[in-house]
């Protein structure tokens, strides 16, 4: 399992480093392989296009061509947790040879629904703490993949926010509560560091796009406040909305610092 892989390396190495192992293990059993892909971002999102284009390119380099010796089954779930669970079940029902899970929001419902189909995840923070694998050295079970960082980095996000705005005293942590493991892990790491910085960390919970604007607007008020947007598929899908709301709600005149760590 690769740990702390840089985003640009993910695009170049995904096919060879992760997906090849389940395909190679079954290469002679049947003629046509079936690969499932669960994305937590929309099909027309530029991020989705870039990731899948790189994935298909690498598979072709390895000799796997869609329509010739394998078939791709795509599912997109840019909505909340209920949508992700439904789409994950649909994909599993197709019984693919292996499933690529894009982020924790995809890996979590897939692993809740099956412990037999091989799953390769990418862009997952701390898969051990999330319960996706037993350990980095020996994943065990039916999942393996790539992790981008441990939840402890949340404390670093808070320290960075404090450096940007030394007067900040109150920080909201925007999190997708439908993504249970990540939302709890990120907030716990941030909360553990907050007292030493003289900051009160407050969870700002959202489930879908409709709740983002209200959640941010309800939290923001005049004073030394800040916001951390934790990594999730929901945050990536709605990144433009979040940036727009922050731009409206965080004028310099009220001394609010906004932080938007980008993640899947």
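The values are calculated or read from the model by the stated rules, or taken from the named source; none is laboratory data. On a predicted model such as this, the values are computed, not experimentally measured, just so you know. Here Cβ is always computed from backbone atoms with ideal geometry, including for glycine, and neighbour counts include all displayed protein chains.
Residues are listed down the side, and each one gets a yes or a no for (1) in contact (Cβ under 8 Å) with a residue 40 or more places away in the chain; (2) surrounded by 17 or more Cβ atoms within 10 Å (Cβ to Cβ); (3) over 25 Å from residue 236 (Cβ atoms); (4) within 18 Å of the chain's Cα centre (by Cα):
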{"site": "57", "(1), (2), (3), (4)": "yes, no, no, no"}
{"site": "62", "(1), (2), (3), (4)": "yes, no, yes, no"}
{"site": "68", "(1), (2), (3), (4)": "no, no, yes, no"}
{"site": "88", "(1), (2), (3), (4)": "yes, yes, no, yes"}
{"site": "95", "(1), (2), (3), (4)": "yes, no, yes, no"}
> Among the residues of the stretch 242-254, is any assigned to a loop (DSSP other than H, G, I, E, B) and either modelled with pLDDT of 80 or more or over 27 Å from residue 108 (Cβ atoms) (or both)?
Replying inline: yes
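Hey, which of the strands (runs of 3 or more DSSP E) in the stretch 127-209, taking only ones fully inside, have at least 3 residues that are surrounded by fewer than 18 Cβ atoms within 10 Å (Cβ to Cβ) and modelled with pLDDT of 90 or more?
Of the strands (runs of 3 or more DSSP E) lying wholly inside the stretch 127-209, those with at least 3 residues that are surrounded by fewer than 18 Cβ atoms within 10 Å (Cβ to Cβ) and modelled with pLDDT of 90 or more span 200-206.
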> Could you count how many residues in the stretch 210-233 are assigned to a helix (DSSP H, G or I), in contact with a strand residue (DSSP E or B) (Cβ under 6 Å, 6 or more places away or on another chain) and over 27 Å from residue 122 (Cβ atoms)?
Replying inline: 2
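If the requirement is being in contact with a strand residue (DSSP E or B) (Cβ under 9 Å, 6 or more places away or on another chain) and in contact (Cβ under 8 Å) with a residue 12 or more places away in the chain, which of these qualifies: 155, 131, 167? I'd like the intermediate steps shown before the answer.
On the way: 155 fails: in contact with a strand residue (DSSP E or B) (Cβ under 9 Å, 6 or more places away or on another chain); 131 fails: in contact with a strand residue (DSSP E or B) (Cβ under 9 Å, 6 or more places away or on another chain).
One residue alone meets the criteria, 167.
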